[in-house]
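The values are calculated or read from the model by the stated rules, or taken from the named source; none is laboratory data. What you see is a predicted model, and the numbers here were worked out from it, not measured in a lab. No Cβ is skipped: glycine too gets one built from the backbone with ideal geometry, and neighbour counts run over all protein chains shown. Accessible surface areas use protein heavy atoms only, side chains included; no ligands, DNA or RNA. Shrake-Rupley method; radii C 1.70, N 1.55, O 1.52, S 1.80 Å.
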Amino acid sequence: MCCSEKYSYNDIELDEYEKELIKDIDNAIMKLDKYEGEVYRSLSFQFEDEYENFTKEHKNGNIIIYKAYTSSSTEIYDDSMKVQMIIKSKNGG
């Protein structure tokens, strides 16, 4: 299991190398230009129950905080995917 998986689930202790790697990634992200506006995230699901669980939690207007690094784009990544998230970014990129 790589450190991003451990970090995202937050139930497995990271070793010192992984902690340092996360600190380095966090520092690099903080140096990126800020972006305010709509960003998009396209998602697909392997199993129907994953989709159902996702839609129960992700109601329009809910604020969701992910523990892991999460990517987004200023354009729709893949319009064939089942879920298209429109995110109002305040300082991400």
### Query
Taking only protein heavy atoms and a 1.4 Å probe, what accessible area per residue, in Å², does the chain have with all protein chains in place?
84 Å²
### Top positive-direction residue, dipole computed over region 43-83 with Cβ charges, set TYR77, GLY61, PHE45
GLY61
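Measure off, as a whole percent, the carbon and sulfur share of the 1.4 Å-probe accessible area of the chain, all protein chains present. Mind showing how you got there, number by number?
Values: 3890 of 7790 Å².
The C+S portion of the solvent-accessible surface of the chain is 50 percent.
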### Cα long-axis angle, helix 48-57 against the chain (0 to 90 degrees, to the nearest 10)
80 degrees
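Let's see if you can work this out: charge +1 on each Lys and Arg Cβ, -1 on each Asp and Glu Cβ, no other charges. What is the dipole magnitude of the chain about its Cα centre, in debye to the nearest 20?
Details: 12 positive and 20 negative charges, 100 e Å.
Magnitude of the dipole: close to 480 debye.
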### Task
Take every Cα-Cα distance within the chain, group them into 10 Å bins from 0 onward, and report for each bin the whole-number percent of pairs it holds.
14, 37, 36, 13, 0
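Run lengths n ≥ 4 of DSSP H only: what is the helix-derived mean residue ellipticity at 222 nm for the chain, with -39500 (n - 2.57) per run over all residues, to the nearest 500? Walk me through the numbers before you get to the answer.
Numbers: 3 runs with 32 residues, N = 93.
Result for the chain: -10500 deg cm²/dmol, rounded to the nearest 500.
Provide the gained length on full extension for the span LEU14 to GLU50, in nm with one decimal, where the gain is 0.36 nm per separating residue minus the Cα-Cα distance. Show your work: numbers first, answer last.
Details: separation 36, 0.36 × 36 = 12.96 nm, distance 2.68 nm.
Full extension of this stretch gives 10.3 nm more.
Under the classification rounded if a/c is under 1.5, otherwise prolate if a/b is larger than b/c and oblate if not, where does region 50-93 fall, given a ≥ b ≥ c as square roots of the Cα gyration tensor eigenvalues? Mind dumping the intermediate values first?
Numbers: a/c = 1.68, a/b = 1.14, b/c = 1.48.
Cα axes put region 50-93 in the oblate bin.
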